[in-house]
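The block underneath contains the structure these notes are about, expressed in structure tokens.
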Amino acid sequence: MTHITDYFHEAIEELHHVRWPTRQQAVRLSIIVIIFVACTSIAFGVVDFLLAQLVKIMLSVTY
């Protein structure tokens, strides 16, 4: 049981050493992440659409 309490005590102590971002930094970084996720989602969506169209064309070709 002492190992568990020691673990949590040390974890909390370590969190006091962390340099937390300011509110402005957190907001700015969050916006950057949201923009990056939106851009990559759009890119993957376009690639998925183009590959689906390619497969549709390939399946419609009859020999």
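Readers should treat all values here as calculations from the given coordinates under stated rules, not as data from a laboratory. Quick caveat, the model's predicted, so the values are computed rather than measured.
For the reader, a short list of remarks on this structure follows.
- Acute angle (nearest 10 degrees) that the helix 2-15 long axis makes with the longest principal axis of the chain, alpha-carbon atoms: 70
- Matching the structure-derived Rg and Dmax of the Cα atoms in Å against the labelled list (1) 13.2, 44; (2) 14.1, 47; (3) 24.6, 75 gives the label (3).
- Principal-axis analysis of the Cα atoms of the chain puts helix 23-60 at an angle of about 30° to the longest axis.
- Stretch gain in nm, segment A38-D6, where the contour uses 0.36 nm per residue and the Cα spacing is subtracted: 7.3 nm
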